[in-house]
Structures are given as structure tokens and as C-alpha cells.
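Student: Handing you this structure, nothing more for now.
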Amino acid sequence: MPASRPPRAVEVTAFAKLNLGLAIGPVRDDGFHELATVFQSVSLADTLIGRPRRSGFTLRVRIEDARVNRVRGGRGPFALAAGGDNLVLRAARLLAAEFPSAGGAAFTLIKRIPIEAGLGGGSADAAATLVAMRAMYGLHLPRARRIALASRLGSDVPFATLGGTALGRGRGERLTPLALQRPFRAVIAMPAWRVATRDAFRAIDRQRMGLTTWRTKSRFADEIGRGRVRLAHALRLGNTFERVLEERQSDFEQLRARLRAAGADQIHLTGSGSAVFAIPGPHASADEVAARFAGNEALYVVRSTRVGTRLRFVP
Ligand code: C5P
């Protein structure tokens, strides 16, 4: 970096994701599962502010409530540890190890995306950190290297660095960018119950989901990737995790019924949940679905976005 250009503070918007469809295949030798998914960035977002400092990294987290409804009992404002495990610090340290010439940063994370929800919030924060470090220190980080680094931070981080609409294969890191035929709006409902991703994968293994189904879905996913993506087509892939909810199955079906009663049409889990997204039917807008909805779940109204992160230099 030239001495004449001191690093500047940056603000990165980190968008959440939905899995419009998610088919889980067999477990691989490395313990990860082969999958086929259509990722979509949406407008619910965290904000990461990075201020350069000579060396080392710090993180402050501020929770901001982005719900459109104010209900009791829903999983609303949540706690997030700002410790060393936080993906912001892990991403920053990973990059610092790769680029010893880069300086440190004081990060502030404004957290709005519910955590451990299937919305890719942690992955978005990690991707935003890569963007922030790259911008502050002028790091040369071409796409292939960025994706390789991102996949060391988590299966969904590569997509978060890419954003928009994409087909994800492998464990999610093999990405094909797609073009969405039409932007859309959705309502995200956040139940109070949680799903532990690792346990959900184990439940899939226990149920020995047929390989024939996987092959059919895998082929179907490849078809989605030809030409522009129609939302209805991508949704038809379905989400394997919906079949292993076990004791939560009835809660999920009940939430689905209430969203349908409010005017939603297609309702699915994103990732392993427990966040559920609902696409409005022909007679309601996303705002109307949210206004008519009866229940204690926290609601968010989102639109599809074409990017995963957005960078702004702070004056
Ligand atoms: O990569 P990530 O940290 O998001 O994965 C969390 C856990 O989910 C992994 O440790 C693994 O148990 C499981 N997983 C999997 N197959 C994938 C992605 C994740 O089994 N494709």
C-alpha cells in the first residue's frame, strides 16, 4: 500500500441469505454432506464498521431490532458473543495471517440478522470482514482466492462473498452465479425454537434418505441453473431439513398454516431453520401478510438483493 494513501474507515452492509431450495445428499469422507442449493441474498442485513488501527483486532457488537412486528415471546433481540469465536474476528485473523503487511482493525458490528437461524448471518459478517479488510488495506484478493479463504470459515461463507442468486454444490462452496428472472419480496418468521445444524444433518443420516431422491433432486438443481431462475422453479427443489424436524414438525406445520391464512403461498425453512420464509400469494403483498399474521414469531419483511455485501468508505 502506498504511504501516501492512509487506510480509511469502512462500512459494509452484510446481507442475509435464503435457501430457496436445499437438497441434502450423502455424507462424504470429510464428514460434510454433498448438497445442491439455490442461494438468494435478501435485504435483512447487519452492518460492519471497520476502523484501521496499527495491529490487532477488536470487536464491539450492538444488537438492533429489525422486526416489523412487536410481539412478546418471539425470538427477538438476541445475545451474540463478541469473543474470539466470532466470525468477524476469525475472518480478520485468517486474512491477517495471509497478508502480514495488513494492519489491524477496530470493528463494530450492528447485528440485525437472527443468529443460528439458517439466514447465514454469521457467514455474511465473515464475508463483510473480508471486504472491509480488503478495502482498508488494498489487499489483492481475486475471486478464486477469496472463495478458498471463505470456505475455511464455513460452508455458507463463499456464497456470502458472492451474493445475489447462485447454485451451490459440493458443501455449498462450488458456486454458479444465476440470474433471477424477477426480484421478489418475502416474509421471514422466526420461531422461538431452534435447530442445531449439526444435529439436523445427523437426523438426515439416521433417516437414510434415498439416494434415488438425491440424484433426482441433484439433476433438477442443475436444470434450475440453465437460463434465468424463476422463483417458483427454485422453490420446487424443496428443503430436505423439513423432513427431519421431528418433535418440531407440528410447530412448523402450524406456523405454515398461520402464514397461509395471512395470505402466503410458498412457505419453507431456510438452511436447517428454524427461520421460515413465506412468499406472498397472488392476493397479498409481503407487508399485508406480515400485518395479517397471527402469532408470536418475530417477522421480517425482505426483498431479494443482487449483492451479498455493499461497501462504503466512511468520510
Ligand atoms: O461449514 P459449517 O460450519 O457451516 O458447518 C456446520 C456443521 O454442519 C458442520 O460441522 C457439519 O457437521 C455440518 N455440515 C454438513 N454438510 C455440509 C455443511 C455443514 O454436514 N454441507
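The values are calculated or read from the model by the stated rules, or taken from the named source; none is laboratory data. Since the structure is predicted, the reported quantities are computational estimates derived from the model, not experimental observations. Every residue, glycine among them, receives a Cβ derived from its backbone with ideal geometry; neighbour counts consider all protein chains shown. Ligands, DNA and RNA are stripped out before the accessible areas are found, and what is left, the full protein with its side chains, is counted by its heavy atoms. Shrake-Rupley method; radii C 1.70, N 1.55, O 1.52, S 1.80 Å.
Student: To the nearest 10 degrees, how steep is helix 87-98 against the longest Cα principal axis of the chain, on a 0 to 90 scale?
Tutor: Relative to the chain, helix 87-98 is tipped by roughly 50 degrees.
Student: Compute the Cα gyration tensor for the stretch 154-269, then decide on rounded, prolate or oblate, letting a ≥ b ≥ c be the square roots of its eigenvalues: rounded whenever a/c is under 1.5, prolate when a/b is larger than b/c in the other cases, and oblate in all that remain.
Tutor: oblate
Student: What's the carbon and sulfur percent of the stretch 182-315's accessible surface, probe 1.4 angstrom, rounded to a whole number?
Tutor: Accessible surface attributable to carbon and sulfur in the stretch 182-315 totals 47 percent.
Student: So for Asp65, Asp265, Asp29, what's the accessible-area order with a 1.4 Å probe, most first? Spell out each step's value before the answer.
Tutor: Numbers: Asp65 60, Asp265 80, Asp29 170 Å².
Output order, biggest surface exposure first: Asp29, Asp265, Asp65.
Student: Apply 1/(1 + (r/R0)^6) to the Cβ-Cβ distance of Ala261 and Arg185, taking R0 = 22 Å, and write down the FRET efficiency to the nearest 0.05.
Tutor: 0.75
Student: Now for a separate question. What is the diffusion coefficient of the stretch 75-203 in µm²/s, taking the Kirkwood radius over Cα pairs and the Stokes-Einstein relation at 20 °C with a viscosity of 1.002 mPa s?
Tutor: 133 µm²/s
Student: Solvent-accessible area per residue for the chain at a 1.4 Å probe radius, Å²?
Tutor: The answer is 46 Å² per residue.
Student: Filter the trypsin sites (Lys or Arg not before Pro) in the stretch 212-301 down to the DSSP loop ones having no more than 11 other Cβ atoms within 10 Å, then list what survives. Before the final figure, lay out the partial values.
Tutor: Values: sites: Arg215, Lys217, Arg219, Arg226, Arg228, Arg230, Arg236, Arg243, Arg248, Arg256, Arg258, Arg260, Arg292; in loops: Arg226, Arg228, Arg230, Arg236.
In loop regions of the stretch 212-301 (DSSP not H, G, I, E or B), the sparsely surrounded trypsin sites (Lys or Arg not before Pro) are Arg226, Arg228.
Student: From the protein chains alone at 1.4 Å, what is the descending order of accessible area for Ser285, Ser41, largest first? The partial results should precede the final answer.
Tutor: Working: Ser285 50, Ser41 0 Å².
Heavy-atom accessible area, descending, gives Ser285, Ser41.
Student: Given a 1.4 Å probe and the protein chains all in place, what does the accessible area of Tyr137 round to, in Å² to the nearest 10?
Tutor: Surface open to solvent at Tyr137 totals about 20 Å².
Student: Hey, another quick one. Mind listing the long-range amide H neighbours of Gln266? Cut-off is under 5 Å, sequence gap 5 or more, other chains count too, H placed in the peptide plane at 1.01 Å from N.
Tutor: Ile279
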